[in-house]
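What follows is a single structure, written as structure tokens, with notes after it.
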Amino acid sequence: MSDREPTVIAKTVTRMVVPIIAVTAVALLVQGHNLPGGGFIAGVLTATAFVLLYVIYGLDTVRRTLVLRSEGYGFLSGPTESYARAFAGGLAIAVTAGIAAVAFGVPFLTQGVVFVEDIPLYGELEYASALAFDLGVYFVVVGSLLTIIAVVGKE
Amino acid sequence: MQPDAGVLVAALALPFVAALLVPALFRVLGQKVAFFAALVAAGSFGLLATQYGAQGAVQLPWVPSLGVTLTLYVDGLALLIGFLASGVGVLVFTYSYGYMAHEHGHVKYYATLLAFMGSMLGVAFAADLLALFVFWELTSVTSFLLIGHHQREAASQYAARKSMLITVAGGLFMLAGFLVLAFAAGDTAAGRTFVLVGTGESLIANGDAVREALRASGLFVPALALVAAGAVTKSAQAPFHVWLPNAMEAPTPVSAFLHSATMVKAGVYLVGRFRPLFVPDLPAVPEWTFLLATVGLVSMTITAILAVGATDIKELLAYSTASHLGLIIAGYGLAGAEALELGAETGAFHILNHAVFKATLFLVAGIVAHEAHTRKLSELGGLRRDLPVVAGITAIAALGMAGVPPFNGFWSKELLFETTYVVAKANGGLFWLYPAVAVFGSVFTFLYSVRFLMLFFGDRPAALGDTDIHRPPLSMLAPPALLAGIAIVTSLVPQVAIDIIVQSATEASLPVGLEPHALKLSIPKLFSFTPYLGMSLLTVALGAVTYPFYDQLHAGVRRAREVPVTSPNWYYDTLTAGANPVSRRLAIAVHGGAFRTYAAPFLLGTSVLALAGYAATDAVPVDGIGAVPSAPLVFVLGVAVVGALAVARAPSHIAGVLMLSILGFMVAIVYILANAPDLALTQLLIETLVLVLFLLVLDKLPAYYGEIRTRSRAVADAALASLVGFTVFTTVLVATSASPDDPIYEFLLARAGVPAEHGPFFADHGGGSNVVNVILVDFRAFDTLGEITVVAMAALAVLTLVGMRARTEAGANEAAERAPAPDGGRPDAVVEAADASGASDAGADHDATDAEGGDAR
């Protein structure tokens, strides 16, 4: 795969499709409570966007252009470090979302729903605390999948 | 007086909390952390002292949903062990400051020793069997670390392993015994319980019923033997005494603590604690006596003889410890109407006396080794001119150990003689062996005690030469001096010790409802002759007559020890050494590196177990089989089947993986047809990702694609594949045909959405119209948390495994060129793995990582 450059068509399509995938993923994450979607699906979809970039543009381009922190130690260097941070952070978010319930005096991981009235344009808006937990799921899935792909891909 | 739960928990928790603080405090205090540890031990001692005189149980909820409580029980015996552990702890920590000054690993040493002390307190005060077992094994684990303190030395490693293997194995027997007891109690009116003592429903409170239930099921003797196995291994009774002399590899303060006052005392404590459960208030001699009194007396004699054969001062003390523990177990073991109380008195009093004189002697041994730089008996002698105070201390302790009237050990040994005598007199016949063996063993006790004392008397041997022997620092001298003071008081006025603790500790080992009489001992009693006083005097006389022949005896014992067949050490070494090649061969057999060797038994086992389960429960429904699915579904499934067949016939990895993904995408369409958009979306995405991942790793696989070489293997593979398919088919049938009366989906559907009337905030409904997602993040959020943790762990594992491999292979680049599998690098393993991947898709994943594992750039 590596000795042949992808075609211009592939590159251009990827360039256009990846942002769409990313937005779709975020939409799936946010709407997950009421429509098909959720943190897990959104996470996997985000990972496919990255995989598309990897396949078409290669590891080095992704590293140069997308990932801000590229220092790191040993096998944790490069984007892998960011991915590892993502799944660690995601796990922290999910656990924090659970512990927050304990702070309110209800059992671990109890979720609540708040309806906020009188918001311009939207009127009534429902916010489920489960979204915070789902966000954690999202980051764990994205981080873990990309870590595995980056590590295996680098070999 | 009822014990205070808060104080008890604080006393137990204090050492553990302090152990956690040790690393931080060591940075600030340096070696003075020893005094912090001593302070902690003193704190626990003080907290326990406030409970002095209390008796009863306190219950703390532990796992309330399972009805498990942590029950702590306070009585004389628990306090005796607790005071010994924390009190001797104070002295040992103080002593360690001087002793450990030039050693390494202070943080590990003090933290582990504190944790050990806490575990020991837990053993003493835990009243329910499960907590007792946990603390019991904690003492084994911490003592493993302490015995192996010099972790780089082979002898320490051997010693730590040996003590761990023997005591933990014994502990597991004990656990089995506990389970038998708890289940036997289930047949009684009080019901199943793990609480041993203290509550109305406890095993001991219903001792008669429990004994009856045990006898009815024929489990009385097995339960007794299992519990006793825990005690005799922990307390180093023959033939399990072999770990104790090796354990002397530990730093001497550890030996003084573990092998005088604590660790080994856990075993005798257990015997004392279970005595009321197994010993009925009957005139007959119970099984308890046949087992424990015999084991105790035989061990006492054998290990006393072995102590005479010791060449090292700590080895001598180790055998002597096993011998005195034998005495205690024999005391507790002797029962029957006449000996019921005497036996308990013997045990309780000797626990105290032995701890006092043996801790003193270990500390003295540490001083000698520290100052004279040798522990060889033959190289030591005449030290009284250099260490006069230590010599005085040793004289008090050693004479107590010898059982010379009126030193402290004499009083409790006298009780043993009395107990054996009355048992023999009441039962006659072979029971006269008990007093005879007791006297015979005690002669050797006298011999080695005097030999130890002679370190300080006689002439300085030439080997010691002009070695300049310093006086020990105060922190090393004060602890044994204090203990010797206690020994003196107990010697001259034994009644003090009896009144303070021994009497109440005795009562803990008596059957419920027995009215105990008060034990009275005093010096004037020595002037009225009794048969047992005669036994004591006979012991001393025989010992004095034999002592001149000590060297011949010593040589004789050493020769006898060399005979392999009678040496438990030989069995231990043969067994452990023999186990090595067996386990190596077993590892190669079950861990061959070829994917086939893992997959075939696993799949076969799972299928057979699942099918057997269905068959046993008649779970397989037959009514759903005739239903005809819709035309689109038939078409999609048909394509999936074609894809599956194509996987099996694919000529290369790449083609196989692509065919496999056809199968996956068809499954996604099935989900769409079944109105499950969430599942379909997930399946599609995962299928895409897995395809990419496969293609990435397949690049690194050898081009060779598995060939089925023999017909028999083809038949076996096909049979296995069919069996797995059939199992999955049956499982789906079983799972989908279940129709419980109160299905959970009704609850989920009712609670997932927004309720018709609601306020601005609510937590009892999910508030989402996507039930699948609400289940994932709300109803079963705890499961999801577990799952994402697993996902994160998998990523972490890939990261570290691949990363670590890159590091280890950095130095062996040439070897990596040949692309061996990481596990042993056998080329045929790769071939086998590739071969198996054709049969199952999970196989492709696994062996792909296996095979590319060795390939580094």
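Values in this text are rule-based calculations from the coordinates and carry no lab data. These numbers were taken from a predicted model, which means no experiment stands behind them. Note that we place each Cβ from the backbone using ideal geometry, even for glycine, and neighbour counts take in every protein chain shown.
Amide H to amide H under 5 Å from B:Leu380: which residues, 5+ apart in sequence or cross-chain, H placed 1.01 Å off N in plane?
Excluding prolines and chain starts, which carry no amide H, there are no hits.
For the residue pair B:Ile588 and B:Asp281, what label-to-label distance in nm results when each label sits 7 Å from Cα along the Cα-to-beta-carbon direction?
6.5 nm
Quick one: 3J(HN,Hα) in Hz for segment B:397-408, Karplus 6.51/-1.76/1.60 with θ = phi - 60°, rounded, Gly and Pro as x.
Those phi angles translate into 5, 5, 5, x, 5, 6, x, 7, x, x, 5, 4 Hz.
Give me the one-decimal Kirkwood hydrodynamic radius in Å for segment B:375-459, with the sum taken over alpha-carbon pairs.
Roughly 14.3 Å, rounded to one decimal.
How would you rank B:Thr736, B:Thr199, going from fewest to most other Cβ atoms within 10 Å of each one's own Cβ?
B:Thr736, B:Thr199
Please report the Cα spread of segment A:95-155 along all three principal axes, rounded to whole Å, starting with the longest.
That gives 54, 34, 10 Å along the principal axes, largest extent first.
Just to be sure I understand the model, the point goes 7 Å from the Cα along the line to the Cβ. What's the resulting A:Ile9 to B:Ala462 distance in nm?
10.2 nm
For peptide A:95-104, what's the mean number of Cβ atoms from other chains within 10 Å of each residue's Cβ?
Taking the mean over all residues of the peptide, I get 1.
Taking a cut-off of 43 Å, what percent of all Cα-Cα pairs in the protein assembly as shown are separated by more than that?
Cα-Cα pairs of the protein assembly as shown separated by over 43 Å account for 53 percent.
Using a simple spin-label model with points 7 Å from Cα along the Cα→Cβ vector, what separation in nm is obtained for B:Ala541 and A:Ile99?
Inter-label distance under the simple model: 7.6 nm.
Under 5 Å between amide hydrogens, which residues at least 5 positions from B:Phe761 or on another chain qualify, with H placed 1.01 Å from N in the peptide plane?
A:Phe115
Less than 11 Å Cβ to Cβ from B:Val88, Lys/Arg counted +1 and Asp/Glu -1: what total charge do the surrounding residues give?
Every neighbour counted, the sum reads +2.
So how do B:Met476, B:Met120 line up by other beta-carbon neighbours within 10 Å, fewest first?
Taking fewest neighbouring Cβ atoms as first place, the list is B:Met476, B:Met120.
Near B:Thr188, within a Cβ-to-Cβ distance under 11 Å, what is the net charge of the other residues, with Lys and Arg +1 and Asp and Glu -1?
Summing Lys and Arg as +1 and Asp and Glu as -1 gives -2.
Tell me the GluC sites (Glu not before Pro) within segment B:322-384 that lie in a loop according to DSSP and have at most 16 other beta-carbon atoms within 10 Å.
none
So what J values fall out for segment B:502-508 if you push phi through Karplus, 6.51 cos²θ - 1.76 cosθ + 1.60 with θ = phi - 60°, rounded to Hz, Gly and Pro as x?
With the stated coefficients, segment B:502-508 comes to 5, 4, 6, 5, 4, 5, 5 Hz.
Determine, from the Cβ-Cβ distance of B:Asp499 and B:Thr710 and an R0 of 60 Å, the FRET efficiency 1/(1 + (r/R0)^6), rounded to the nearest 0.05.
0.10
Provide Rg and Dmax in Å for segment A:8-154, with only Cα atoms included in the calculation.
For segment A:8-154, the Cα radius of gyration and maximum Cα-Cα distance read 17.8, 58 Å.
Peptide A:127-134: average number of partner chain Cβ atoms within 10 Å per residue?
5
Taking a label point 7 Å from the Cα of B:His104 along the Cα→Cβ vector, which residues of segment B:5-45 have an amide N closer than 18 Å to it?
Output list for this probe position: B:31.
Please list, in chain and number order, the residues 5+ apart from B:Asp312 or on another chain whose amide H is under 5 Å from its amide H, with Hs placed from the backbone.
Residues meeting the criterion, in which the H sits 1.01 Å from N, are B:Leu377.
Take the Cβ-Cβ distance between A:Glu117 and B:Thr789 as r, set R0 to 30 Å, and report the resulting FRET efficiency rounded to the nearest 0.05. The partial results should precede the final answer.
Values: r = 37 Å, r/R0 = 1.24.
Efficiency computed from Cβ-Cβ geometry: 0.20.
What residue among B:Val40, B:Ala718, B:Gly148 has its Cα farthest toward the positive end of the dipole of the protein assembly as shown, where the charges are +1 on Lys, Arg and -1 on Asp, Glu, each on the Cβ?
With unit charges placed on the Cβ atoms, the residue in question is B:Gly148.
What FRET efficiency would be calculated for the residue pair B:Ala655, A:Lys154, taking the C-beta separation as r and a Förster radius of 22 Å, to the nearest 0.05?
According to the calculation, E is roughly 0.30.
Give me a comma-separated list of calculated 3J(HN,Hα) values for segment B:481-487, in order, Karplus coefficients 6.51, -1.76, 1.60 applied at θ = phi - 60°, integers in Hz, x for any Gly or Pro.
5, 4, 4, 4, x, 4, 4
In a solvent-free Debye calculation with one equal scatterer on each Cα, what is log10 I(q)/I(0) for segment B:369-420 at q = 0.19, 0.28, 0.31 Å⁻¹, listed in the order of the q values?
After summing over all Cα pairs, the log10 values are -0.72, -1.02, -1.11.
Would you compute, for the Cα atoms of segment B:55-137, the largest minus smallest coordinate along each principal axis and list the three values in descending order, in whole Å?
In descending order, the Cα extents are 50, 28, 16 Å.
Report the Stokes-Einstein translational diffusion coefficient (µm² s⁻¹, integer) for chain B, Rh taken as the Kirkwood radius over Cα pairs, at 20 °C with viscosity 1.002 mPa s.
Roughly 67 µm²/s, to the nearest whole number.
Let me know the longest stretch in chain B that avoids all chymotrypsin sites (Phe, Trp or Tyr not before Pro) found in a DSSP loop with at most 13 other C-beta atoms within 10 Å. Write down the numbers at each step before the final one.
Values: sites that count: B:Phe529, B:Tyr704.
That gives B:1-528 as the longest site-free run.
Please give the contour-minus-distance gain from B:Lys525 to B:Leu723: 0.36 nm per residue of separation, less the Cα-Cα distance, rounded to one decimal in nm.
Fully extending the segment from B:Lys525 to B:Leu723 adds 63.0 nm.
Hey, what's the Cα Rg ratio for segment B:153-231 versus the globular rule of thumb, 2.2 N^0.38 Å?
1.39
Evaluate the charge dipole of chain B about its Cα centre and quote only its size in Debye, nearest 20, assuming +1 on the Cβ of each Lys and Arg and -1 on the Cβ of each Asp and Glu.
Details: 44 positive and 60 negative charges, 558 e Å.
Roughly 2680 debye for chain B.
Fewest first, what order do B:Leu226, B:Leu130, B:Leu325 take by the number of other Cβ atoms within 10 Å?
Ascending Cβ contact count within 10 Å gives the list B:Leu130, B:Leu226, B:Leu325.
What net charge do the residues around B:Ser522 carry, taking every other residue with its C-beta under 14 Å from that of B:Ser522, with Lys and Arg at +1 and Asp and Glu at -1?
0
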